[in-house]
Amino acid sequence: QVQLVESGGGLVQAGGSPRLPCAGSGIMSYIMAWYRLVPGEPRELVAWIGITGDPHYADSVKGRFTIYKNKAVNTEHLYMSSLKPEDGAVYYCNTVRQSWKWGQGTQVTVAS
């Protein structure tokens, strides 16, 4: 079972640009994704990236977020920009099929 470790969250000003890395063995071999969870709402698929590096985004983040894989260190990243208060959530990485056990996630809090 792959252990996923997300990091990079914290308190960010609206309009800010945090970077969220995700580490886990096998990341480069799967279609990976970033999700976010707000209490009381279903987990939202934010972005995913194919094995060949082709990215896809939810409409809510398109043009502001970038998903990227770093082959050298076997990590997946979510580059966030123009952050909005509604982007505040716990962010998780996983395969696009949610194949692996969820990690702890990383909290992003947006200060307006």
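Computed quantities for the displayed model
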{"quantity": "Residue that is more than 16 Å from V2 (Cβ to Cβ), of a type in the set (S, T, Y) and in contact (Cβ under 8 Å) with a residue 12 or more places away in the chain, where the choices are T75, T52, T106", "calculated": "T106"}
{"quantity": "The range 48-69: number of residues that are closer than 12 Å to Y30 by Cα, assigned to a loop (DSSP other than H, G, I, E, B) and either in contact with a Leu (Cβ under 6 Å, 6 or more places away or on another chain) or open to solvent by 70 Å² or more (accessible area, probe 1.4 Å) (or both)", "calculated": "2"}
{"quantity": "Residue match in the range 74-96 (condition: among the hydroxyl-bearing types (S, T, Y), open to solvent by 70 Å² or more (accessible area, probe 1.4 Å) and out of contact with any Gly (no Cβ under 6 Å at 6 or more places or on another chain))", "calculated": "yes"}
{"quantity": "P55 vs. criteria in contact with a Ser or Thr (Cβ under 8 Å, 6 or more places away or on another chain) and over 17 Å from V108 (Cα atoms)", "calculated": "yes"}
{"quantity": "Y91 in contact with a strand residue (DSSP E or B) (Cβ under 8 Å, 6 or more places away or on another chain), in contact (Cβ under 8 Å) with a residue 40 or more places away in the chain and aromatic (F, W, Y)", "calculated": "yes"}
{"quantity": "Residues satisfying the stated conditions in the range 13-45, i.e. within 17 Å of K84 (Cβ to Cβ) and in contact with a Ser or Thr (Cβ under 7 Å, 6 or more places away or on another chain)", "calculated": "A14, G15, S17, L20"}
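The values are calculated or read from the model by the stated rules, or taken from the named source; none is laboratory data. A quick note: this is a predicted structure, and the numbers were derived from the prediction, not measured. All Cβ positions, even for glycine, are placed from backbone atoms using ideal geometry, and neighbour counts span all protein chains on display. All accessible areas refer to the heavy atoms of the entire protein, side chains included, with ligands and DNA or RNA removed. Shrake-Rupley method; radii C 1.70, N 1.55, O 1.52, S 1.80 Å.
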